[in-house]
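To start, the structure itself, in structure tokens.
Just so you know, all these numbers are worked out from the coordinates, no wet-lab data involved. As the structure is a prediction and not an experimental result, all values here were calculated from the model. Quick reminder, even Gly has a Cβ in these numbers, built from the backbone with ideal geometry, and neighbours come from all protein chains shown.
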């Protein structure tokens, strides 16, 4: 495989800025030289000053200085020029602006100067600022403006050159994080021969690898869950048949409980896979959260009684007529998982608090236990699949309940957070957008 020649981004930026500065200086000097030379050449060609100068010298020699001065004045009036004959070593009669222009070494353009011989020179400059005449400060403004335009253009090109692919990669990363795993950074950017191209290539490779790992994980969970269902069902039948044959009741009850736990775990994994696979494409119908919560409480009544834990529901009157758009079975599973987690970690004799509130287009469900709480550093990990908290909250679950609840709530455009309440226990807060209010 041929290795592409790299052109590092550092040198691209460096050369672009350097070239911008160099072009600014060169073009500025060239423009000044061309314009000023054209100015001087235009004056000299237009007025034929050299011939005029020799005429002045001849008049001075034949008729004297006064006639020469008179001749210069009349010619200057006709040509619109100031004409002055001065000695080579004395220019005090010239205006200061013209004298400084003549002496300037930076500006190439100077008033037209004709050497008349015998140490005399003829100086000509326009009486009015007309065609072919530019002040030195005009050139300064022109050069500064040209430099500003060129450097601004170079900086804009550099900023666009660097930021545009970065913005594209940022948008692609956000889209992938939002669930669109088919997106990749554009090949045109990935094929660039600099660090940006290397970053885009590495980003695409990383995304491909992560998507493959996620697909493998989902397929593994799905395959294991489906494969477990059949032997678990057969095992359950065998257990029931064995119990009828006179096997000890306690032993059979223990085996049956383990079988039920494995079956429940398999169901949880399948639910997690279903929600992850379908995402926002789940079927939706208007459902009342208060009805779903009451159904969950009824289903959990026997378990709560067995745990000797009370469940207290505090519902705002406004929440009774509120509907959300979603899948009743999945929402009920999410609420049940959260409540089950609270019941598992509430000591006997304590209370699980459930509250329903409506505010600003959202309905909130808070389920709070009176257990030992959760260390702050692991609160963000509670919704990760198979994550188990510290020993103080160790239960008989597999770390899937809250992960499934989170995926279900997010699939319904909701929010779910965990924090330690003022009572010291864990509070899970679920927020769902309101669809309708009766």
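In terms of surrounding Cβ atoms within a 10 Å radius of their Cβ, 71, 14 rank from fewest to most as 14, 71.
Beta-bridge orientation, segment 294-438: approximately 80 percent antiparallel, per DSSP, counting only bridges with both partners inside. Highest average first, the peptides 372-379, 153-160 ordered by how many other beta carbon atoms sit within 10 Å of their residues are 372-379, 153-160. Residue exposure proxy: 152, 24, ordered by other Cβ atoms within 10 angstrom of their Cβ from fewest to most, comes out as 152, 24. Normalised by the number of residues in segment 282-437, the average gap of Cα pairs under 8 Å and 6 or more apart makes the relative contact order 26 percent. Let me know the shape class of segment 276-368, please: from the alpha-carbon gyration tensor, a ≥ b ≥ c as square roots of the eigenvalues, rounded when a/c is under 1.5, otherwise prolate if a/b is greater than b/c, or oblate. Note, shape of segment 276-368 comes out oblate.
Sorted from greatest to least, the principal axis extents spanned by the alpha carbons of segment 282-437 come out as 42, 29, 26 Å. Each residue in 363, 59 was given a count of other beta-carbon atoms within 10 angstrom of its own, and listing them fewest first yields 59, 363.
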